[in-house]
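Bear in mind that the values in this text are calculations on the coordinates, not laboratory data. For clarity, every value in this text was computed on a predicted model and none was experimentally measured. Because the Cβ atoms are built from the backbone with ideal geometry, glycine has one as well, and the counts that use them run over all protein chains shown.
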Amino acid sequence: MEEITVPTVVEFASAGLNHKHLRAFVFPVDLPAQPLRFSVESRAQLAEGDGPDYQYSAYVDIYYADGSVLSETYLCFAPGRHDWQRLEMYLRPRLSIKRLVIYYFFEHKDGLVAYRNARIAPCGLAPEPDCRIVLVGDSNTITSYLHPSQRVDGVLQQRLAASFPGKRIEVENAGLGGESIKGLLTRKRYERDLQTLRCANVFVICYAGNDANAYGPDEFGRQQRELVRRLRSDFPAAKIILQTTGYFDYPAHYSIDYNARMQPYTQATRQIAADGPAAGGADALLDIYQIMQERTAAGDWDFRYRVHPQWKLTLDARHDAELGQSPAYYTNPHYNPHGTRLIADAIHDLVLQCGWI
């Protein structure tokens, strides 16, 4: 393929949190599955103290021939004031490509940003790592609202690199917001995003939130066992970790008793992990529910972001004194950076304890 470029300078200016800006550039193509390099330049004059996240970013959606889309490909630029900064990322599309759409995105921030010189170009296939850990789950796995360095895969990648400086370890985040296990298995995403992996050494699986909206814990258990079975068939040497969903500090810092609602699903995950590989279960359990429950009892409860009345992500306690009495404030089940770091640390420690690297 020939390099795709958007040389035009595009500027966005926002005077308040409610402003949203989006510019799209659409490129019809007919390409085989091939590695790509995506890069964009941006400069900014932003209010201080508003940290990095995906709301000041560029990204590309890759539309496959089967109608599915590869997304969550954010290049998240630095906050504050800076001159032209170039970011790039490696992409490995799984299927033939029919359309590429480049987006410039800016919202919920004060100031002026500009973009230029977006490029998508073919590149060489990245070498296989010594070890690949694959995270599989829903929005609390992909956490696309966070800067990539704050997501579970980003934190885990940094921790493993420090623990194993001589090894090439890759953490791949195969999460998808809004997904259930049944959705993964019946909508061809398993075949597209997991079966096409050339190698995988450890899978970490965490579902339940969306499953609980669609079916009961018995069906959840059956779907979980089927996913484990398929991974065993396709990746016989890989280890499989089942992860429970987290604990909520209800009623002190959460307005809904999500713990009671999710308990049957948590128990199903624990049981399948306890059965072990010989009985169709997992190789290990990562009981994030228990870890968060113990930490909360010790006073460390702050694992989720808050619902700001202006729909701005609030990832810390900066508005607690002002808004903490509102029932809607503590209602979002998604992890903040403190929550993702806890999970990444727990995965890191479990993999080391089991000697899987």
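Full-extension gain between LEU185 and ALA161, please, as 0.36 nm times their residue separation minus the C-alpha to C-alpha distance.
Here the answer is 5.5 nm.
In the Gaussian network model of the chain, springs joining C-alpha atoms below 10 Å, which of PRO251, PRO122, PRO35 carries the largest mean-square fluctuation?
In the Gaussian network model the winner is PRO251.
For a Förster distance of 22 Å, can you work out the FRET efficiency between the beta-carbons of GLN85 and LYS20, rounded to the nearest 0.05?
Step by step, r from the Cβ atoms, then E = 0.50.
With the contact rule set at Cα under 8 Å and sequence spacing of 6 or more, what percent relative contact order holds for the range 4-122?
49 percent
According to a simple spin-label model (label point 7 Å from Cα along Cα-to-Cβ), what is the distance in nm between GLN195 and ALA13?
About 5.3 nm, to one decimal.
If you place +1 on the Cβ of every Lys and Arg and -1 on the Cβ of every Asp and Glu, how big does the dipole about the Cα centre of the range 131-354 come out, in debye to the nearest 20?
740 debye
May I ask you to derive the FRET efficiency for THR331 and GLU3 from their Cβ-Cβ distance with R0 = 56 Å, giving the value to the nearest 0.05?
For THR331 and GLU3, the calculated efficiency is 0.80.
Multiply the residue gap between ALA298 and GLN353 by 0.36 nm, knock off their C-alpha separation, and tell me the result in nm, one decimal place.
17.4 nm
Fewest Cβ neighbours within 10 Å first, please rank PHE106, PHE38 accordingly.
PHE38, PHE106
Among the lysines, select those whose C-alpha is under 19 Å from the C-alpha of LYS188, and discard any that sit fewer than 8 residues away in the same chain.
Here the lysines satisfying the reach criterion relative to LYS188 are LYS98.
Run the helix sum for the chain: -39,500 (n - 2.57) per DSSP H stretch of 4+ residues, divided by residue count, reported at 222 nm to the nearest 500 deg cm²/dmol.
-8000 deg cm²/dmol
Quick check on the range 234-334: what does the Kirkwood estimate of hydrodynamic radius come out to from the alpha carbon pairs, in Å?
Value: 15.4 Å, from the Cα pair sum.
Apply the Debye scattering formula to the range 131-354, with a single equal point scatterer on each alpha-carbon and no solvent, then give log10 I(q)/I(0) at q = 0.14 Å⁻¹.
-0.87
Simple spin-label model, 7 Å along Cα-to-Cβ: LEU31 to ALA260 in nm?
So the label points at LEU31 and ALA260 sit 5.2 nm apart.
Putting +1 on Lys and Arg Cβ atoms and -1 on Asp and Glu Cβ atoms, find which of PRO327, PRO264, VAL6 reaches farthest to the positive end of the dipole of the chain.
Final value for the positive-end residue is VAL6.
Out of all DSSP beta bridges in the range 131-354, what portion is antiparallel? Express it as a percent rounded to 5.
Restricted to the range 131-354, the bridges split so that about 15 percent are antiparallel.
At a 10 Å Cβ-Cβ cut-off, how would you order ASP283, ASP138, ASP30, ASP300, fewest neighbours first?
Fewest to most other Cβ atoms nearby, the residues stand as ASP30, ASP300, ASP283, ASP138.
If packing is taken as the average count of other Cβ atoms within 10 Å, what order do 156-163, 125-132 fall into, highest mean first?
Most protected by this proxy first, the peptides run 156-163, 125-132.
Sort VAL10, VAL60, VAL171, VAL69 by Cβ crowding within 10 Å, fewest neighbours at the top.
Neighbour counts put them in this order, fewest first: VAL69, VAL10, VAL60, VAL171.
If I take every Cα pair under 8 Å that is 6 or more residues apart in the chain, average their sequence separation and divide by the length, what percent do I get for the relative contact order?
Rounded, it is 16 percent for the chain.
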